[in-house]
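Peer 1: I have a structure here, written as structure tokens, and I will follow up with some questions on it.
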Amino acid sequence: MDLKEQIDNNRLPKHVALIMDGNGRWAEQRGKERIFGHENGVKAVRNTLEAAGELKIPYITIYAFSTENWSRPKKEVDTLMELLVNAIRNETQKLHKNGIRLHAIGNIETLPEKCLKELKEAIDLTKNNDKLNLIVALSYSARWEIVNAVKRIVKDFEKGKKQVDSINEAFFSQYLNTSNFPDPDLLIRTSGELRISNFLLWQIAYSELYFTPVLWPDFNKEHFFQAIIDYQKRERRFGKTSDYLLNKNN
Ligand code: IPE
Ligand code: IPE
Ligand code: MG
């Protein structure tokens, strides 16, 4: 039976987040420059979106560039930014045609001007689409996001808009970049690294984690389906007991 047929359409994740890792190693294995890996990573994003589209998963978040990635050699950063501009330019029409709405999270104002311009145009063009939300984390880190949220909350307090007692989890979430999105149900990381690397720390409190040794440029639809099948075997207890989940009358 092919993998897609093993998926239960009634128990799909609503939001899948992906840490797209392993581009550099993929290129190095082929005796090429790291950027060759990044170039080949674009195809894996397409595969992911196609797979998510087929399953009708409404939210996909991809970690494309972290705050810490600015510390890579200038040449790699510059080429990555160029690649990003080209990818947005080449892919936007296709995203739009497929009803995909583009969003960005992160400190995007720090992106090169050209990049930011393309990004904002693509976000604007796709703003009325509703088949799938593609959230791209760019110049993103979760600690930056949380500190930024705290700063904005303090500013609102200084303006006298808020009371301390109004702070609860829902209130705090509203100050995060992800305020309009549900928390990820499933987080996938490629390349065999078993860490989070400063991604969505608040939002993944109860996400299921899935790690695969596949390097990002090799990631295809079947790998995505495999992750969904694995996810569907998990029991998400959210702190409750199994018995309680089985017998909701308890
Ligand atoms: C992920 O691949 C892409 C970005 C972080 C931009 P890497 O560039 O981290 O590739 P590896 O992990 O060094 O193989
Ligand atoms: C995480 O990958 C960031 C992105 C995928 C954009 P890294 O390759 O930067 O993470 P570390 O350095 O292995 O933790
Ligand atoms: Mg890496």
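Peer 1: I'd like the accessible area for VAL16: 1.4 Å probe, protein heavy atoms, all chains in place, Å² to the nearest 10.
Peer 2: 0
Peer 1: With the other protein chains left in place, how much accessible area per residue, in square angstrom, belongs to region 98-250 at a 1.4 angstrom probe?
Peer 2: With the other protein chains kept in place, region 98-250 gives 56 Å² per residue.
Peer 1: Work out, step by step, the length gained on full extension between VAL164 and ILE229: first 0.36 nm times the residue separation, then minus their alpha carbon distance; give nm to one decimal.
Peer 2: 19.1 nm
Peer 1: Per DSSP H run of at least 4 residues, take -39500 (n - 2.57); add these up for the chain, divide by its residues and hand me the 222 nm value, nearest 500 deg cm²/dmol.
Peer 2: The per-residue figure over the chain is -13500 deg cm²/dmol.
Peer 1: If all Cα-Cα distances of the chain are sorted into 5 Å bins from 0 onward, what percent lands in each bin, rounded to whole numbers?
Peer 2: Taking every Cα pair in the chain, the percentages come to 1, 6, 12, 16, 18, 17, 13, 8, 5, 3, 1, 0, 0.
Peer 1: In whole angstrom, how far apart do the alpha carbon centroids of region 37-78 and region 171-248 sit?
Peer 2: So the separation of the two Cα centres works out to 17 Å.
Peer 1: Label-point separation (nm) for LYS151 and ARG72, each offset 7 Å from Cα along Cα-to-Cβ?
Peer 2: The modelled label-to-label distance comes out at 2.5 nm.
Peer 1: Probe radius 1.4 Å, ligands and nucleic acids ignored: give me the carbon and sulfur share of the accessible area of the chain as a rounded percent.
Peer 2: Summing carbon and sulfur atoms, their accessible area is 49 percent of the total for the chain.
Peer 1: Magnitude of the Cβ-charge dipole of region 59-169, K/R +1 and D/E -1, about the Cα centre, nearest 20 debye?
Peer 2: 160
Peer 1: Among all the aspartates and glutamates, which ones have a C-alpha under 13 Å from LYS56's C-alpha, if same-chain residues fewer than 8 places away are not counted?
Peer 2: Within reach: ASP8, ASP130.
Peer 1: Once the piece of chain linking LYS43 and ARG25 is laid out straight, how much longer is it, given 0.36 nm per residue of separation minus the C-alpha distance between them?
Peer 2: Fully extending the segment from LYS43 to ARG25 adds 4.8 nm.
The values are calculated or read from the model by the stated rules, or taken from the named source; none is laboratory data. A quick note: this is a predicted structure, and the numbers were derived from the prediction, not measured. Glycine also receives a Cβ, built like all others from the backbone with ideal geometry; neighbour counts cover every protein chain displayed. Only protein heavy atoms, including side chains, enter the accessible area calculation; ligands, DNA and RNA are left aside. Shrake-Rupley method; radii C 1.70, N 1.55, O 1.52, S 1.80 Å.
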